[in-house]
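Note sheet for the following structure.
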Ligand code: ATP
Ligand code: MG
């Protein structure tokens, strides 16, 4: 692929916060940006040079995005793979439709992990009443997850018995699901890699992630619990997973670490990831910079963490601490703390569970970043970690 120099326009499918931060990175490097999203107020659409307001499968919309763009990427995991395949007929598209399709289906994703020799949780596919009846009870207690379209813990039900499993499958409208055995997690980490058209792969330092109610709450880098063997296994696994997909772009692989140090792949995202947002403020190149580099054929460089960091997700719940009326958190008091970097995504209204922004806290030492993050938690009314 030919190098695409600044001055060109880069297109992105999806107008959420990931698209917005991608556009910021692209614009900083001198690229113009085009966003396809049906929502007039989408976070990325608001700041892009061109906003194509159409659905992901709208032919005219796709043609308009292609007309603007020298190359196209995606920020939304559930962009239909056929839309990416259609765009790829006229423009370089990274990541490609085939790789994204694997990430969109939990069953295909797990099969890919297994084919790469990367362990994942014991699981079974449930697509029919027969599958349900034949479930091996050793998978219980477990988590029933829809095979497609789940995110932020949506489309998941925890089940302890066969009866609960049957009820949960009914609740999920008998959609194709994966039942996963509930594993005793010691901690969770993610590895973000970027892979170029030429096969070069670089990775970020591992992020340690704390989820609450199935949603990422806190990311810490360096990871406080990580051991060198776990780090090595997770990085090797993520690089193998990306290379086997012939992946181009930024890919995040989430891992569970069990008490015995074993590393189990959970899922992957074919795009920059919430757990990598800290890289904007704490690394010399961010995950969004690397997305721009990968899709434009710019050489990749290994990112360097220059400051230990803690990232706190700012969910809409924080706007409703004082009752039903929406009240913004006291940003002035939070920004008075040293090393705080506030990122708000420009969403017009807050809703419980909605990702409104994030706060990254950097420090000279990890302890300092943590202490400041705890002070920020207190001011925000967030549970300490
Ligand atoms: P997202 O896309 O936002 O990362 P998701 O909705 O796809 O989330 P998962 O990553 O599958 O959800 O699960 C969310 C969290 O639930 C995990 O990070 C982990 O904390 C917990 N979890 C999921 N599966 C298991 C499991 N098999 N055993 C133990 N905990 C689990
Ligand atoms: Mg997840």
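The values are calculated or read from the model by the stated rules, or taken from the named source; none is laboratory data. No experiment lies behind these values; they were computed from the predicted model shown. All Cβ positions, even for glycine, are placed from backbone atoms using ideal geometry, and neighbour counts span all protein chains on display.
Say we look at the range 71-81 and pick out the residues that are more than 12 Å from residue 271 (Cα to Cα) and in contact with a helix residue (DSSP H, G or I) (Cβ under 8 Å, 6 or more places away or on another chain); which of these is surrounded by the fewest Cβ atoms within 10 Å (Cβ to Cβ)?
Restricting attention to the range 71-81, the residues satisfying the condition of being more than 12 Å from residue 271 (Cα to Cα) are 71-72, 80-81.
Now drop any that are not in contact with a helix residue (DSSP H, G or I) (Cβ under 8 Å, 6 or more places away or on another chain), which leaves 71-72, 81.
On the way: 71: 22, 72: 26, 81: 20.
That would be 81.
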Quiz prompt | Condition check for residue 212: within 16 Å of ligand 1 (Cβ to nearest atom) and more than 14 Å from residue 300 (Cβ to Cβ) | solution = yes
Self-check item: Selection from the range 341-363 of residues that are over 13 Å from residue 313 (Cα atoms) and assigned to a strand (DSSP E or B)
Solution: 362
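Okay, residues lined up against (1) touching a residue at least 60 places away in the same chain (Cβ under 8 Å); (2) in contact with a strand residue (DSSP E or B) (Cβ under 8 Å, 6 or more places away or on another chain):
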{"residue": "221", "(1), (2)": "yes, yes"}
{"residue": "224", "(1), (2)": "yes, yes"}
{"residue": "230", "(1), (2)": "no, yes"}
{"residue": "240", "(1), (2)": "yes, no"}
{"residue": "253", "(1), (2)": "yes, yes"}
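Quick grid of which residues meet (1) in the same structural domain as residue 205 (by TED's automatic domain parsing); (2) touching a strand residue (DSSP E or B) at 6+ places or on another chain (Cβ under 8 Å); (3) away from ligand 2 (no atom under 16 Å from the Cβ):
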{"position": "264", "(1), (2), (3)": "yes, yes, no"}
{"position": "267", "(1), (2), (3)": "yes, yes, no"}
{"position": "272", "(1), (2), (3)": "yes, yes, no"}
{"position": "286", "(1), (2), (3)": "yes, no, yes"}
{"position": "295", "(1), (2), (3)": "yes, yes, yes"}
{"position": "302", "(1), (2), (3)": "yes, yes, yes"}
{"position": "317", "(1), (2), (3)": "yes, no, yes"}
Quiz item: Among the listed residues 189, 157, 193, 202, which satisfies the condition of being under 21 Å from the mean Cα position of the chain (by Cα), under 29 Å from residue 356 (Cβ atoms) and more than 12 Å from ligand 1 (Cβ to nearest atom)?
Solution: 193
Exercise. Could you please give the count of residues in the range 139-178 that are touching a strand residue (DSSP E or B) at 6+ places or on another chain (Cβ under 6 Å) and at positive phi?
Key: 3
Quiz item: Can we say residue 279 is surrounded by 19 or more Cβ atoms within 10 Å (Cβ to Cβ), away from ligand 2 (no atom under 16 Å from the Cβ) and farther than 21 Å from residue 96 by Cβ?
Solution: yes
Self-check item: All positions within the range 364-385 that are touching a residue at least 24 places away in the same chain (Cβ under 8 Å) and assigned to a helix (DSSP H, G or I)
Solution: 366, 368, 369, 370, 372, 373, 375, 376, 377, 379, 380
Quiz item: Of the residues that make up the range 285-294, is at least one buried (at least 20 other Cβ atoms within 10 Å of the Cβ), more than 17 Å from residue 75 (Cα to Cα) and more than 13 Å from ligand 1 (Cβ to nearest atom)?
Solution: yes
Quiz item: Out of curiosity, is residue 19 at pLDDT 95 or above, within 29 Å of residue 266 (Cβ to Cβ) and surrounded by fewer than 22 Cβ atoms within 10 Å (Cβ to Cβ)?
Solution: no
Quiz item: Are any residues in the range 16-55 in contact with a strand residue (DSSP E or B) (Cβ under 7 Å, 6 or more places away or on another chain), touching a residue at least 60 places away in the same chain (Cβ under 8 Å) and not in a helix (DSSP H, G or I), and if so, which ones?
Solution: 29, 31
Quiz item: When the residues of the range 140-157 are filtered to those that are surrounded by fewer than 17 Cβ atoms within 10 Å (Cβ to Cβ) and modelled with pLDDT of 95 or more, which remaining residue is farthest from ligand 2 (Cβ to nearest atom)?
Solution: 140
Quiz item: Does residue 121 count as buried (at least 18 other Cβ atoms within 10 Å of the Cβ), within 21 Å of residue 214 (Cβ to Cβ) and modelled with pLDDT of 95 or more?
Solution: yes
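State all residues of the range 1-15 that are more than 23 Å from the chain's Cα centre (by Cα) and in a loop (DSSP other than H, G, I, E, B); if no residue qualifies, say none.
Let us first name the residues in the range 1-15 that are more than 23 Å from the chain's Cα centre (by Cα), namely 1-9.
Correct list: 1, 2, 3, 4, 5, 7.
Does residue 128 meet the test of being outside the structural domain of residue 290 (by TED's automatic domain parsing) and within 14 Å of ligand 1 (Cβ to nearest atom)?
Numbers: outside the structural domain of residue 290 (by TED's automatic domain parsing): yes; within 14 Å of ligand 1 (Cβ to nearest atom): no.
No: the conditions fail for residue 128.
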Self-check item: Check on residue 52, under 23 Å from residue 247 (Cα atoms) and buried (at least 22 other Cβ atoms within 10 Å of the Cβ)
Solution: no
